[in-house]
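Take a look at the structure below.
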Amino acid sequence: MTAVDPPPTAEALESLPLHVVLRGWPETLVPLRRAGVDLRAEGARSLAGLPAAERLVAACLDATAWRGRPR
């Protein structure tokens with residue numbers, strides 16, 4: 001059985017560049033696309049620097065919550 005990395009913290013999502021968030025937690029792509037984030041243009045920015053940052057962080061935390069569930 002392969003170990004799964006834990007979910008990110010809100011602090012990590014707020015501070016890491018988007019391209020790093022997507023590489024570490026690919027499932028965050030869905031909520032970011034749904035929110036209309038232009039990932040090519042914004043890839044070097046963090047979520048904290050985007051409009052509606054709190055909502056985006058919450059959506060990404062929801063998308064990665066399964067990683068913290070015990071099996």
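Taken together, the values in this text are just the output of simple stated rules run on the coordinates, not laboratory data. Predicted model, so just to flag it, every value in this text is computed and none were measured. Methodologically, a virtual Cβ is constructed for each residue, glycine included, from the backbone with ideal geometry; neighbour enumeration extends over all protein chains shown.
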Quick one: net charge of Ala48's neighbours, Cβ under 11 Å, K/R +1, D/E -1?
-> -2
For Arg45 and Asp5, what is the calculated FRET efficiency with R₀ set at 25 Å and r taken between the beta-carbons, to the nearest 0.05?
-> 0.65
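Of all the Cα-Cα pairs you can form in the chain, what percent are over 19 Å apart?
Values: 611 of 2485 pairs.
Taking all Cα-Cα pairs of the chain, the fraction more than 19 Å apart is 25 percent.
Counting other C-beta atoms within 10 Å, which of Thr28, Thr9, Thr64 has the fewest, and how do the rest follow? Write down the numbers at each step before the final one.
Values: Thr28 25, Thr9 11, Thr64 21.
Ranked by crowding around the Cβ, least crowded first: Thr9, Thr64, Thr28.
Do the sum for the chain: with -39,500 (n - 2.57) for every DSSP H run of n ≥ 4, divided by all residues, what is the mean residue ellipticity at 222 nm, to the nearest 500 deg cm²/dmol?
Details: 5 runs with 35 residues, N = 71.
Using -39500 (n - 2.57) per qualifying helix, the result is -12500 deg cm²/dmol.
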What is the chain's relative contact order, in percent, from Cα pairs under 8 angstrom and six or more apart in sequence?
-> 47 percent
Tilt of helix 53-64 relative to the longest C-alpha principal axis of the chain, in degrees (0 to 90, nearest 10)?
-> 30 degrees
